[in-house]
1. Determine the gain in length on full extension of the stretch LEU151-ASN335; use 0.36 nm per residue of separation and subtract their C-alpha separation, reporting nm with one decimal.
2. When only alpha-carbon atoms are used, what values of Rg and Dmax, in angstrom, describe the stretch 139-340?
3. Please identify, among GLN14, GLN64, GLN255, the residue showing maximal mean-square fluctuation in a Gaussian network model of the chain using a 10 angstrom Cα cutoff.
4. If each of LEU79 and ARG254 carries a label point 7 Å out from its Cα toward its Cβ, how far apart are those two points in nm?
5. Please check: in the Gaussian network model of the chain (C-alpha springs, under 10 Å), which one of LEU151, LEU322, LEU334 has the largest mean-square fluctuation.
6. In nm, what is the difference between 0.36 nm times the number of residues separating ASP125 and ARG271 and their Cα-Cα distance?
7. Lysine pairs in the chain 8 or more apart or on different chains: how many have alpha carbons under 25 angstrom apart?
8. Just name one of GLY167, LEU151, LEU310: the one whose Cα is farthest towards the positive end of the charge dipole of the chain (beta-carbon charges, Lys/Arg +1, Asp/Glu -1).
Amino acid sequence: MVDFKPKTDVRKVQLTGGATYTISLPKKWVLMHDVQPRDPIQMEWRPSGDLRIRPLGEDRRLRQKVVLNMEKIPSAGLLDYLIAAYLSGVGRIHIDHPQGVTRGDRRVIRDFLRRTRGFGIVDEDEETTELISLLDATEMPLNATLNRMYLLVSSLIRDGTSALIGGDMTLIEDHDDREREIDALRLLIDRQVGLVLDSTAIGSEMHISRRQSNEIAWMGRALERMGDHADALAMLLTETKEIPVFDENDIPLRQLMVWQNSMKTLMINQRTQNPSEINEAIADLRLAIETLVSHEEGLWDGNRMVVPVLFEYRLSEIVRRLCAYARDFAEAVLNLIVHLSVLDDLT
């Protein structure tokens, strides 16, 4: 196991041949990376003054693996361990079944493969299961994954709104599949971000900094929460026998339109980077939340039937939470824009 405790080494610069400046490499680092004489070393100069070096062509991520022993892991916790191994960024997951693989273990492994992206079974017998990553993290940019999540969430909200107004529940009959896809993409983003944080080389290949990847991870989590509430909207509609009649100009559907317009603006501004449009979206979301809070408080006044009031309250709560997570998303977009505008001043 590699020791990742911070290490600091002080080396003196040597002048060789009257023109070349050299420093020696730490022996432990050389042995760890199996560096041989005349091997090429990649050097990355950073404007901050840092100089990063790594063996050229080395891909430690593909050589790393996690070994899970089912004698030490409760069967009920296998899925959690598999997800943790996936998020660690390793290329292989090896599972030992000393007492023989059970049907429950196989079911959990299949569930893991459905919940994640890029892994497959390459070897399996009665005592071992070998999973390997088939997806190169650099092949799918983080922004592409984030955009796919947004499209799934917005389509589920759009279809839910149409079903509420028009009564066609077939529009949302696949809401479970879409919600699972959103969760899988969020896990993929967390895996990619972890790889970027571990390896500056992967970050360079993906043209993204560690700070940028951190903000995108937060945006992915906000989209996942919005996906949960979009799924809750679909479940509310499918489980309610008599749905009250709503017009698109009624509260909370009018605020749902605010959410849709604001999220579209925020997604576009990751590229266009217009702070005034982002601030306008944040203000619209803030007003929508305040309106919904006031609306929910007033629902219990009067003598309306309980069932329609409860439905409208749950609908309003879903929209309010969507707007709240959209505000969190907007803050991450602003953080990203400011980070990209930072200038290095070495004077």
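1. On the way: separation 184, 0.36 × 184 = 66.24 nm, distance 2.22 nm.
Taking LEU151 through ASN335 to full extension adds about 64.0 nm, to one decimal.
2. Gyration radius and largest Cα-Cα distance of the stretch 139-340: 18.2, 65 Å.
3. Evaluated over the chain, the most mobile residue of the options is GLN14.
4. Output for this residue pair reads 4.2 nm.
5. LEU151
6. On the way: separation 146, 0.36 × 146 = 52.56 nm, distance 4.86 nm.
Working it through step by step, the gained length comes to 47.7 nm.
7. Taking the chain as the scope, the lysine pair count is 10.
8. So the residue furthest toward the plus end is LEU151.
Just so you know, all these numbers are worked out from the coordinates, no wet-lab data involved. Remember, it's a predicted structure, so these values are computed and weren't measured experimentally. In this analysis, Cβ positions are derived from the backbone assuming ideal geometry, glycine residues included, and neighbour counts consider all displayed protein chains.
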